[in-house]
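Contents: one structure, followed by commentary.
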Amino acid sequence: MSEATYTQLLDLACGAFLLAAVVVLWRRELAAIVKVFALQGIALATIVMLLGVHKHRWDVAAVGMGIGLLRAGLLPCLMRRALAVLTADRRDGARATEARETQPFVNVAASLLTAALLTLLAYAVSRPLVALNPTSATRALPVGLAVVLIGFFVLVMRRRALAQLVGFLLLDNGITATAFLATSGLPLIVELGVSFDVLLAVLVLQILTTRMREAFGTTDIDDLRELHD
């Protein structure tokens, strides 16, 4: 693979990776958000595999394939199952409410504007790091940092438990991308440990979300807070 082809493919994958995070902010249907998260998992796996192929590190390329299976396959499948449980055996109105992020703390227009500002902040903060070693991978480093910030924003500003779970996973995807772009590859044992931790967290949160729906009839965090009050 030539340097020009590698750079173009890496830029394309990083652009898709960042765009998926922005689309999560735009969409309110939880099913659509899960699909977009799966597409972001494919983009993340592509980034890692490109880094491995370019550096002739086949262990990194194998890690990229594992990331694709986990973050574009298994995790979205678990979230779809949780969403199916949340919307099962509900009246039409209640089912539609559970399947959408009806009232986020920040509306769509303000969310997209915030995403643009967070992306600019990521580029400004990471400029000194890129200047230390200006390669194709490090020049894409701001993308990973921007997804970290956007994921944290989704985690804080969404009301539905499942949408907050997607925010947590966006945050983790951004951290993973930043680590690989900064180091051109992590040791296999490190990535396996992180991936198993994320899988365990998703399984626990899926169980908690299901229990919340069974006990209180909703996964809206504000409604649960009112019950506590």
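The values are calculated or read from the model by the stated rules, or taken from the named source; none is laboratory data. Note that the coordinates shown come from a computational prediction; the quantities given were computed from them, not determined experimentally. Here the Cβ is made from the backbone with ideal geometry for all residues, glycine too, and neighbour counts use every protein chain on show.
Residues of the stretch 29-64 that are under 17 Å from the mean Cα position of the chain (by Cα), surrounded by fewer than 16 Cβ atoms within 10 Å (Cβ to Cβ) and over 15 Å from residue 166 (Cβ atoms): none at all. Listed by position, the helices (runs of 4 or more DSSP H) enclosed by the stretch 1-105 that each have at least 1 residues that are modelled with pLDDT under 85 are 3-26, 58-69, 75-87, 92-98.
For residue 123, the conditions (1) of a type outside the set (A, V, I, L, M, F, W, C); (2) surrounded by fewer than 17 Cβ atoms within 10 Å (Cβ to Cβ); (3) modelled with pLDDT under 85; (4) touching a helix residue (DSSP H, G or I) at 6+ places or on another chain (Cβ under 6 Å) all hold with the exception of (3).
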